[in-house]
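Notes follow the structure.
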Ligand SMILES: [Zn+2]
């Protein structure tokens, strides 16, 4: 009888299309067989547990410089926290300095990440306004494995509509996928200036400076420009119904448009900004967290499939860093930590409530994101795929806090939230990365994934 290197026995295997009782056999770094009564030199008993693909988070910012700060999780602590939560691949970002080429910037980012990562990763190439002069380098970035390109409609990296048109065209010409932060920056900066002039400086005014209606407007404008130049587009961190409706309408019209949302929009409400003192600054992120009605509508959109993917936009800062904006909400460094809780949280709240089937959970957190960004061997349990797997205990209860999580911000916006279901073991390419509650590999075990495509057929 054929003996495999490792067999995960007796688990309930969940993929984006089916749930079956089966053993999963691994040879080397790859899934070799799925079936009954498989034998391994090593065996892991997963009876009573779920076996899922490793989760894929295509939107994280590790050690990202923003102003005077740098997001707190680095490529080691961030990928370790991800692994504890069942995430086995991430996509981070490259931002070139004005004097750098896109290739130089990608190489520098890899030099930072490669020795630290404990799971596999790849990089989106950001096209900033300064990079509009470098669009001839887009084919180089694509050839270096950055097949997806981040475009901002907000912040200092904001592209005006004409620049957006140029960037979308350049990405189309290489067969890449644009991934976009869609908000209306002119309206936002005007509302911020008005609020500050009236002495409205508290975080309460953060969501009220970034109206849902104008997030939808920006998304619709982006979708129209993308249609004009005939390029697919993925919309990051959807926070409201207005944006969901723009995406759903485009998809009904056959446009290759996808959207994602994140745990902060599915678990929190804007009441969090009214917490006293520095507590109210902590959940500042953009787009902002919105009302309970918006949260409920996002869960419905996820359930219906009007949003296809759940990511995190993980970008935490410490309490001290957040506190620097206590007197002016517009200067608070934006972002929250979610990299560890995403996969179990969507199981607990989504599958636990019946809003999502187990296959929808796996599709939105693993399979669909891997296909979208061109991680060809990730996100699915199938022969020939990388043996990135999670053994998931559907009954384990975990109350989220800085003590139970491995993120380093020192706080979590989900403090006190109890989840039912948590990963027991996480494997990356056949190697146990987290097991027995411990990290089992050193920084550098993870690898850069050199992508050659984007937007693989679903
Ligand atoms: Zn982001």
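Couple of notes before you dig in:
- Test: residue in the range 305-314 that is more than 16 Å from the ligand (Cβ to nearest atom) and outside any loop (DSSP other than H, G, I, E, B): no
- Residue that is surrounded by the fewest Cβ atoms within 10 Å (Cβ to Cβ) [pool: residues in the range 221-260 that are away from the ligand (no atom under 16 Å from the Cβ) and at positive phi]: 254
- When residues of the range 261-273 are limited to those that are more than 20 Å from residue 360 (Cα to Cα) and free of Cβ contacts under 8 Å to residues at least 60 places away in the same chain, the one surrounded by the fewest Cβ atoms within 10 Å (Cβ to Cβ): 271
- Residue identified as part of a strand (DSSP E or B) and modelled with pLDDT of 95 or more among 441, 433: 433
- Qualifying residue in the range 184-195 (condition: farther than 26 Å from residue 327 by Cβ and in contact (Cβ under 8 Å) with a residue 12 or more places away in the chain): no
- If you go through the range 31-68 and keep only what is within 15 Å of the ligand (Cβ to nearest atom) and in a strand (DSSP E or B), you end up with 57, 60, 65, 66.
- Of residues in the range 172-186 being under 17 Å from residue 144 (Cα atoms) and under 21 Å from the mean Cα position of the chain (by Cα), the one farthest from the ligand (Cβ to nearest atom): 176
- Failed item in (1) out of contact with any strand residue (DSSP E or B) (no Cβ under 7 Å at 6 or more places or on another chain); (2) more than 20 Å from residue 14 (Cβ to Cβ); (3) surrounded by 16 or more Cβ atoms within 10 Å (Cβ to Cβ), with residue 327 passing the rest: (3)
- Unmet requirement for residue 349, which otherwise passes all of (1) part of a helix (DSSP H, G or I); (2) surrounded by fewer than 17 Cβ atoms within 10 Å (Cβ to Cβ): (2)
- Yes/no for residue 339 being within 16 Å of the ligand (Cβ to nearest atom) and within 14 Å of the chain's Cα centre (by Cα): yes
- Number of the exception - residue 215 against (1) surrounded by 22 or more Cβ atoms within 10 Å (Cβ to Cβ); (2) farther than 29 Å from residue 409 by Cα: (2)
So that you can scan it fast, the table gives a plain yes or no per residue for (1) in contact with a strand residue (DSSP E or B) (Cβ under 8 Å, 6 or more places away or on another chain); (2) within 16 Å of the ligand (Cβ to nearest atom); (3) over 23 Å from residue 334 (Cα atoms):
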position	(1), (2), (3)
90	yes, yes, no
99	no, no, yes
106	yes, no, yes
112	no, no, no
119	yes, no, yes
123	yes, yes, no
129	yes, no, no
132	no, no, yes
141	yes, no, yes
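The values are calculated or read from the model by the stated rules, or taken from the named source; none is laboratory data. Predicted, not measured: the structure shown is a model, and the values here were computed from it. Quick reminder, even Gly has a Cβ in these numbers, built from the backbone with ideal geometry, and neighbours come from all protein chains shown.
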